1. Could you please find all residues in region 1-53 being in contact (Cβ under 8 Å) with a residue 24 or more places away in the chain, within 26 Å of residue 77 (Cβ to Cβ) and among the β-branched types (Val, Ile, Thr)?
2. Criterion first (without any contact (Cβ under 8 Å) to a residue 24 or more places away in the chain and either part of a helix (DSSP H, G or I) or within 23 Å of residue 74 (Cβ to Cβ) (or both)) does residue 56 satisfy it?
3. In region 139-154, how many residues are farther than 27 Å from residue 165 by Cβ and exposed (fewer than 12 other Cβ atoms within 10 Å of the Cβ)?
4. Kindly establish whether residue 66 is of a type outside the set (A, V, I, L, M), outside the structural domain of residue 172 (by TED's automatic domain parsing) and more than 29 Å from residue 170 (Cβ to Cβ).
5. Confirm whether residue 85 is part of a helix (DSSP H, G or I), loosely packed, with under 10 Cβ neighbours inside 10 Å and either assigned by TED's automatic domain parsing to the domain that holds residue 16 or modelled with pLDDT of 85 or more (or both).
6. Please state which one of 105, 124 is buried (at least 16 other Cβ atoms within 10 Å of the Cβ), of a type in the set (Lys, Arg) and either within 30 Å of residue 156 (Cβ to Cβ) or in contact (Cβ under 8 Å) with a residue 24 or more places away in the chain (or both).
7. Taking the criterion of being of a type outside the set (Phe, Trp, Tyr) and either more than 26 Å from the chain's Cα centre (by Cα) or not in a helix (DSSP H, G or I) (or both), would at least one residue in region 158-166 satisfy it?
8. Out of the residues in region 31-82 that are surrounded by 15 or more Cβ atoms within 10 Å (Cβ to Cβ) and of a type in the set (Gly, Ala, Ser), which is farthest from the chain's Cα centre (by Cα)?
Amino acid sequence: MIDPYNILGVARDADAAQIKTAYRRRARNAHPDTGGDVDTFAKLTMSYELLCDPVRRKVFDETGYDPTLADTKDLEGLLVLEGLINDFILDEREPGSFDPVAAMRRKLTDKIVNVRFHILELERHRARIRNHLDRIGRRPETDFLGSMMRARSESITDAIRKAEAQIETIEQAYQMLEGYSYEIEIEAKSAAE
């Protein structure tokens, strides 16, 4: 998540005038027409707009989150966590009798392991296809079998890339849980033992 206060270089208690002054000072150098970077200027403008809107600023100050400033990887991680949150909200066990944060971490770890096994399986299939390609005789005119097998190999390579990206997203979700803990009631803990 991008911190609009850091982007503008203002304190968290800065008033509207201080925010406007900081924005103008930085915008002069960051504007693309004066040789600045387009992405930097966009982040600067989004930060200014967020801090000028009292409702968005209050939400950001309370949660540390604003969808317009979120990194794509954070948004993907949030989507993964959203499904896990639904799991523990729908869990019939009494709150305080189990640790939903630890359960979320376990589920994320299990997902990573499953995707890694899937990647290994895909790599095994791709190796078999390549082995067949090395052994198959080619037709002099058109090599339609080789062509079809190479296409399969390429689609498996794409599937491997997507699975690796999925692992990165799950790892991002896992990192987003860092710092969270959950208080379990002692009575519930004793009853479970």
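The values are calculated or read from the model by the stated rules, or taken from the named source; none is laboratory data. Worth saying up front: this structure is predicted, and the values here are computed from it rather than measured. Cβ coordinates were reconstructed from backbone atoms using ideal geometry, including for glycine residues, and neighbour counts include every protein chain displayed.
1. 2, 7
2. Numbers: without any contact (Cβ under 8 Å) to a residue 24 or more places away in the chain: yes; either part of a helix (DSSP H, G or I) or within 23 Å of residue 74 (Cβ to Cβ) (or both): yes.
Yes.
3. The initial filter retains those residues of region 139-154 that are farther than 27 Å from residue 165 by Cβ, namely 139-147.
After this cut, where a residue has to be exposed (fewer than 12 other Cβ atoms within 10 Å of the Cβ) as well, the list is 139-142, 144, 147.
Result for region 139-154: 6.
4. Details: of a type outside the set (A, V, I, L, M): yes; outside the structural domain of residue 172 (by TED's automatic domain parsing): yes; more than 29 Å from residue 170 (Cβ to Cβ): no.
No: the conditions fail for residue 66.
5. Values: part of a helix (DSSP H, G or I): yes; loosely packed, with under 10 Cβ neighbours inside 10 Å: no; either assigned by TED's automatic domain parsing to the domain that holds residue 16 or modelled with pLDDT of 85 or more (or both): yes.
In short, no.
6. Numbers: 124 fails: buried (at least 16 other Cβ atoms within 10 Å of the Cβ).
Every option except 105 fails the conditions.
7. Narrowing region 158-166 to residues of a type outside the set (Phe, Trp, Tyr): 158-166.
Of the ones still in play, those that are also either more than 26 Å from the chain's Cα centre (by Cα) or not in a helix (DSSP H, G or I) (or both) are none.
No: region 158-166 contains no residue that is of a type outside the set (Phe, Trp, Tyr) and either more than 26 Å from the chain's Cα centre (by Cα) or not in a helix (DSSP H, G or I) (or both).
8. 36
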